[in-house]
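Notes follow the structure.
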């Protein structure tokens with residue numbers, strides 16, 4: 001079973017691409033979603049976050065995402081510290097998930113494969129790209145946020161040039177039907193690589 005990393009900058013459409021692969025029968029692990037779930041329910045993560053960011057990290061036993069986001073998207077060091085807490089737990093969860101899968105290949109959708117230096121854990125890496133203006137527009141509409149907020153988050157991610165150069169495959173996510181065609185072609189290629 002091959003392990004494929006699916007990454008791309010915020011607003012590139014990673015989740016949309018991941019769902020297209022799922023429609024073709026490919027198991028997909030959504031690292032960002034699982035990280036959020038673990039941040040809500042893992043006592044290990046909770047205790048470490050409170051120790052790092054203070055008791056305001058949780059309100060009524062619920063993760064205070066706005067409070068934490070406000071800290072980490074303004075300070076790369078704080079973001080790195082957050083990742084050091086959350087990602088080892090996500091990796092453990094992912095390892096358990098892999099054992100339950102039975103497929104030619106599986107995908108981990110993860111925004112920070114390169115930033116967290118995990119690229120060597122995958123057999124192949126796919127980077128999803130889209131024009132900057134379109135990415136900003138998507139995130140503003142999706143998250144009901146400002147352009148400035150989106151740009152601040154983008155500043156914490158590596159640029160497309162680096163990701164493309166260090167990836168095995170690239171999907172240009174601009175037009176839905178053309179994107180679907182790219183996914184289908186890549187699915188056929190990856191299915192033969194096992």
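The values are calculated or read from the model by the stated rules, or taken from the named source; none is laboratory data. Quantities reported herein were computed from a predicted structural model and do not represent experimental measurements. Note that we place each Cβ from the backbone using ideal geometry, even for glycine, and neighbour counts take in every protein chain shown.
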*Find the helices (runs of 4 or more DSSP H) located wholly in segment 1-101 whose residues include 2 or more that are at pLDDT below 90 and out of contact with any strand residue (DSSP E or B) (no Cβ under 9 Å at 6 or more places or on another chain), and list them.*
65-72, 76-99
*Here are 117, 147, 133: which of them is loosely packed, with under 13 Cβ neighbours inside 10 Å, on the phi > 0 side of the Ramachandran plot and in the same structural domain as residue 188 (by TED's automatic domain parsing)?*
117
*Please work out which residue is farthest from the chain's Cα centre (by Cα), limiting yourself to segment 146-163 and to residues that are in a helix (DSSP H, G or I), touching a residue at least 24 places away in the same chain (Cβ under 8 Å) and within 15 Å of residue 115 (Cβ to Cβ).*
162
